[in-house]
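The values are calculated or read from the model by the stated rules, or taken from the named source; none is laboratory data. Keep in mind the model is a prediction, meaning the values are calculated, not measured. Please note: Cβ atoms are built from the backbone with ideal geometry, for glycine as well, and neighbour counts cover all protein chains shown.
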Amino acid sequence: MIARRVALRRTSQFLRPSLSSVTPNIRQCVRYSSTSKGTDEAGRRRGGAGRFLSGMLVALAAGSAVVLYPTLTKEAPKPREAVLEYEKARPVPESKEDNRDLISSQHLQVKKSWENPGVYAWGSNSGRVAAPDSTDSLVKTPRRISYFDGQLLRDIKLDREFGAAVTEKGDLVQWGVAFSQANPLPAETLKGKDLVKIAISRDRIIALGKNGTVYSVPVSGTDQTAGEKSQQSSWLSFWSRPETVNYRQLKPRNLGWGESVVDIASGLEHALLLTTSGRVFAAASSTSDFPSKGQMGIPGLTWATRPKGPYDEPHEILSLKGFKISKVAAGDYHSLALDSDGRVFVFGDNTSGQLGFEVEPQFPFVDAPIPLPFNKIYGGSNLQPRVTSIAAGGANSFFTVDAKRIAGIKEDANSIRDLGRVTADTWACGSGIWGSLGTGKWTHVSLGPSKIKSLSGLYEWDENTNSVIPIRLARLSAGNTHAAAVMDNVTSVDTSEINTNNDTNWGADILFWGGNEHYQLGTGKRNNLSLPTYIDPLDGGEGDAEKGRKGEHHRFQITPRTTVRLGEGGTGRKVSVEQRVECGRFVTAVYSGT
């Protein structure tokens with residue numbers, strides 16, 4: 001023990017000069033640590049244990065100094081020279097148009113949408129809807145449905161088990177296993193009706209003809225060919241031929257002179273019919289269940305209390321009489337109506353808060369239209385709201401609002417001073433467990449409408465008017481658990497040879513959010529998204545790779561309406577065309593619409 005103490009003392013004495021010149025603070029800390037109380041009252045130092053601990057701490061400090069010495073005495077390294085990375089050289093353009101393709105992914109997307117019109121679909125393929133000619137259960141990224149290559153469509157609707165579309169000529173096309181287990185490929189069914197729009201229920205297709213006639217067509221091809229069929233009459237009263245498809249007509253009673261149906265919407269069990277006079281009729285749209293959650297807007301109407309006549313006879317919603325309704329929308333079990341003055345009426349199921357107010361367990365649904373007061377939602381501000389459009393799907397509702405900034409609200413409405421500034425907002429309510437509210441929150445039940453901040457309060461500079469303008473939504477499509485919004489931003493679709501080499505076309509921004517368990521968002525991943533997000537171009541970047549942009553990420557922009565010549569090089573027929581998005585039940589499509 002004595003030899004060890006001597007060795008430690010010698011070691012500490014040997015290292016002290018170095019410590020004093022390099023780290024005096026360490027030496028001081030060691031001194032205080034080894035003699036915390038100094039000497040006792042008799043002036044005697046502590047015994048062997050204290051001296052041993054002191055020696056050990058000195059040795060540790062000395063070792064640290066030896067390790068740190070090279071670092072403390074080493075010269076600072078010289079800064080490295082910055083390495084500049086230049087943009088990869090682009091291929092030499094062969095023409096002015098080729099130069100535009102090389103510098104802009106958006107220009108290339110717009111161009112391809114005109115050269116190769118058709119349908120891209122993705123999501124669940126268990127019913128052979130997203131890819132009718134494939135047995136893949138899922139389609140993770142946009143894929144073309146070859147049947148529609150080169151075609152323009154008037155409308156398209158998608159369910160997990162079946163799909164339906166209206167051709168440019170107004171004929172109905174159906175596909176999917178619910179249409180035919182043996183042959184789920186697309187096939188024309190109802191022809192010669194000049195259809196303009198369709199809606200789908202659980203087992204039927206509601207189709208609107210250009211003349212206002214509403215048809216209810218079975219989804220199943222077997223049901224279409226079974227039973228007695230009506231006669232298709234001609235303007236020659238003595239000539240008629242039998243129909244090839246068994247269908248029913250939904251005929252509202254007591255229509256006025258010149259009044260006809262101009263819009264339709266459908267949930268799983270009910271349909272809404274809007275007339276040119278702004279009246280709304282409701283009818284059963286499924287043969288499996290009669291509407292029972294108030295979604296028809298007629299108090300007391302059930303299967304047991306329905307009047308005599310066809311089970312799917314349309315009934316006018318008398319509570320809306322006196323309001324000129326301009327738009328209707330339907331979720332699975334609820335309904336929305338928007339009048340020409342920007343007021344919204346809601347009715348039906350509210351178990352997820354999809355009607356825009358807090359859920360009351362004792363009143364799970366509302367069987368008559370009630371107004372949704374957006375004035376109270378904007379209460380306390382100097383903004384005067386006006387709802388401009390509505391959409392619904394599954395257990396969700398969406399509203400777009402123009403909020404005009406005013407000087408103040410007084411009793412006399414004429415004294416309100418318009419300050420000229422308009423804010424465009426988007427609101428959502430209902431079930432948000434899959435992120436389908438788009439608010440960034442995973443909410444089971446809504447207590448009221450929530451603003452989708454990513455789609456609200458947006459502005460841009462308009463060079464045509466030299467002013468700042470709000471960015472509204474051009475279209476919002478709501479599926480069962482997911483949704484897509486097309487922005488009404490400034491676009492460019494008129495670039496021609498008279499423009500410079502660097503002038504390009506670009507389309508409208510489009511964003512997706514909500515449930516993604518079947519890859520219906522088109523991101524290529526399976527995670528749900530609670531915030532609106534962009535996806536890659538529909539061709540998966542193939543066009544960008546051909547133009548030297550392989551590995552780069554560019555967002556999909558949807559082409560707005562314009563009149564062009566179709567085909568490569570613009571050598572085809574001249575038409576007015578736009579791309580549209582349709583969110584269905586776990587499936588999504590983007591198609592070329594006429």
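Results, tabulated for the structure shown:
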quantity	calculated
Count of residues meeting criterion [surrounded by 23 or more Cβ atoms within 10 Å (Cβ to Cβ), among the hydrophobic types (A, V, I, L, M, F, W, C), touching a Gly at 6+ places or on another chain (Cβ under 9 Å) and not in a helix (DSSP H, G or I)] in region 101-138	4
Qualifying residue in region 135-149 (condition: of a type outside the set (V, I, T), touching a Ser or Thr at 6+ places or on another chain (Cβ under 6 Å) and free of Cβ contacts under 8 Å to residues at least 60 places away in the same chain)	yes
Check on G342, within 25 Å of the chain's Cα centre (by Cα), more than 30 Å from V219 (Cα to Cα) and either at pLDDT 95 or above or assigned to a loop (DSSP other than H, G, I, E, B) (or both)	yes
Scope region 472-515; condition closer than 19 Å to D332 by Cα, assigned to a loop (DSSP other than H, G, I, E, B) and in contact with a Ser or Thr (Cβ under 8 Å, 6 or more places away or on another chain); matching residues	G479, T481, G515
Region 490-539: number of residues that are touching a Lys or Arg at 6+ places or on another chain (Cβ under 8 Å), buried (at least 18 other Cβ atoms within 10 Å of the Cβ) and among the hydroxyl-bearing types (S, T, Y)	4
Number of the exception - G551 against (1) surrounded by 15 or more Cβ atoms within 10 Å (Cβ to Cβ); (2) over 21 Å from the mean Cα position of the chain (by Cα)	(1)
For D332: the one exception among (1) under 22 Å from K157 (Cα atoms); (2) assigned to a strand (DSSP E or B)	(2)
Condition met for T571 (of a type outside the set (D, E) and surrounded by 16 or more Cβ atoms within 10 Å (Cβ to Cβ))	no
Selected residue [closer than 25 Å to F556 by Cα and either among the basic types (K, R) or buried (at least 21 other Cβ atoms within 10 Å of the Cβ) (or both)] from K169, K157, K193	K157
Hits in region 516-546 (condition: outside any loop (DSSP other than H, G, I, E, B) and modelled with pLDDT of 95 or more)	L529, S530, L531, P532, T533
Residue list for region 547-567, filter: part of a loop (DSSP other than H, G, I, E, B) and of a type in the set (K, R)	K547, R549, K550, R555, R561
Condition broken by S576, with the remaining ones in (1) in a strand (DSSP E or B); (2) in contact (Cβ under 8 Å) with a residue 40 or more places away in the chain; (3) over 11 Å from the mean Cα position of the chain (by Cα) satisfied	(2)
Cβ pairs under 8 Å, 6+ apart, first in region 258-269 and without any contact (Cβ under 8 Å) to a residue 40 or more places away in the chain, second in a loop (DSSP other than H, G, I, E, B) and surrounded by 22 or more Cβ atoms within 10 Å (Cβ to Cβ)	E259/R279
Scope region 157-176; condition out of contact with any Gly (no Cβ under 9 Å at 6 or more places or on another chain) and assigned to a strand (DSSP E or B); matching residues	A165, V166, T167, L172
R561 vs. criteria without any contact (Cβ under 8 Å) to a residue 24 or more places away in the chain, under 24 Å from R472 (Cα atoms) and of a type outside the set (S, T, N, Q)	yes
Total residues in region 555-594, condition touching an Asp or Glu at 6+ places or on another chain (Cβ under 6 Å) and more than 30 Å from K169 (Cβ to Cβ)	0
